[in-house]
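Below: the structure, in structure tokens.
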Amino acid sequence: MRYEGNIYRPPSEARSYILQCTVGCSHNRCTFCSMYKDKKYRVRPLEEIQADIRMAKLYYNDVEKVFLADGDALAMETSDLVEIVKDLYKTFPGLNHVGIYASPESILDKSLDDLKLLKETGITIAYLGVETGDPELLKEIRKGVTYEEMVKAGRKIRQAGILLSVTVILGLAGRTPRAVDHARNTARILNDMNPDYAAALTLMLAPNTELYKKMKKGEFEIPEPFEILDELRIIIENLDVQECEFRSNHASNYVAVKGRLPYDKEAMLGLINSVIENNDLKYLRPDYLRGL
């Protein structure tokens, strides 16, 4: 397979054939993100993408899952995406899942009819980085949209019939009293979206990010592990979502928590509270095992 630069995918796409449709991220201005800083965003020619699909056929013969990379493949022209997805289903008879990264801006730029067409063609799930529900923090991290726009984007995906998977980031407000607002407002934005899947990651900063540079200057401090867990506790306490799979079992997290909401809420909180009450680092994933 041909790939340009480092390739990223959601944890749930671990067994997927990754097809690079775009290079980099169309937004690429978030202060915490290092994933695409070494790439200039561009859309790969349709002919190249189709050639990659033919190569994948020779290599894999058949696949059940495909993930469309890079950071915002949804920003492509709808007509090109439709052609790519049709080609995938024609090439791989066993295909039943096509996932895609989507920025809030690219979702808002597409009409509901466009998104419904993509659903009908075979895109099954969209991954949206929400990061925080705190309006001021959204501005500070330069996410590019307001609270209201983020909610509109998430709801639009669900209205189109595409499964919505969102991520939020623990520790993003730093080691300040604002962390509580970040946690409460993050629960609020998840409630307003009611995604099918939600995942909480823990902030880990790479040297090529603006937030890392602020940290080195003493202008930002990552919360301590048990403060991070308290953020997670506040988020889950305030969640009022229906039929949502919630995870905080990413490699960056200190404690693996998972469950289906609202059914497993008390059990999830019980686990978090017991770890916080013990206040013992042995219950946490050690830093040398944590990663992005």
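The values are calculated or read from the model by the stated rules, or taken from the named source; none is laboratory data. Worth saying up front: this structure is predicted, and the values here are computed from it rather than measured. Please note: Cβ atoms are built from the backbone with ideal geometry, for glycine as well, and neighbour counts cover all protein chains shown.
Residues are listed down the side, and each one gets a yes or a no for (1) farther than 29 Å from M215 by Cβ; (2) not in a helix (DSSP H, G or I):
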site: L138; (1), (2): no, no
site: G144; (1), (2): no, yes
site: E149; (1), (2): no, no
site: R155; (1), (2): yes, no
site: R158; (1), (2): yes, no
site: G161; (1), (2): yes, yes
site: S165; (1), (2): no, yes
site: I169; (1), (2): no, yes
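Taking the criterion of being in contact (Cβ under 8 Å) with a residue 40 or more places away in the chain, in a loop (DSSP other than H, G, I, E, B) and of a type in the set (V, I, T), the residues of region 118-133 that qualify are I123, T132.
Within the bounds of region 271-281, is there any residue that is of a type in the set (V, I, T), at pLDDT below 95 and closer than 18 Å to G133 by Cα? Checking region 271-281: not a single residue is of a type in the set (V, I, T), at pLDDT below 95 and closer than 18 Å to G133 by Cα. Of the set (1) in contact (Cβ under 8 Å) with a residue 24 or more places away in the chain; (2) part of a loop (DSSP other than H, G, I, E, B), all apply to L68 but (2). Please tell me if G171 is more than 17 Å from E13 (Cβ to Cβ), assigned by TED's automatic domain parsing to the domain that holds N194 and either of a type in the set (S, T, N, Q) or at pLDDT 95 or above (or both). It is true that G171 is more than 17 Å from E13 (Cβ to Cβ), assigned by TED's automatic domain parsing to the domain that holds N194 and either of a type in the set (S, T, N, Q) or at pLDDT 95 or above (or both).
Across region 161-170, the qualifying residues are those that are in contact with a strand residue (DSSP E or B) (Cβ under 9 Å, 6 or more places away or on another chain) and touching a residue at least 40 places away in the same chain (Cβ under 8 Å), and the one among them that is surrounded by the fewest Cβ atoms within 10 Å (Cβ to Cβ) is T167. Counting just the residues of region 1-26 that are of a type in the set (V, I, T) and in contact with a Leu (Cβ under 9 Å, 6 or more places away or on another chain), which one comes out surrounded by the fewest Cβ atoms within 10 Å (Cβ to Cβ)? Within region 1-26, the match that is surrounded by the fewest Cβ atoms within 10 Å (Cβ to Cβ) is I18.
If you go through region 1-38 and keep only what is among the aliphatic types (A, V, I, L, M) and in contact with a helix residue (DSSP H, G or I) (Cβ under 7 Å, 6 or more places away or on another chain), you end up with M1, L19.
When region 180-228 is filtered for residues that are at positive phi and either touching a helix residue (DSSP H, G or I) at 6+ places or on another chain (Cβ under 8 Å) or surrounded by 21 or more Cβ atoms within 10 Å (Cβ to Cβ) (or both), only N194 remains.
Being more than 24 Å from F67 (Cα to Cα), crowded, with 18+ Cβ neighbours inside 10 Å and among the aliphatic types (A, V, I, L, M) is a property that A173 has. So, I7, is that one closer than 23 Å to S165 by Cβ and of a type in the set (V, I, T) or not? Judged against the criteria, I7 is a match.
Each residue in region 18-37 was checked for being on the phi < 0 side of the Ramachandran plot and either part of a helix (DSSP H, G or I) or without any contact (Cβ under 8 Å) to a residue 60 or more places away in the chain (or both), and 6 pass.
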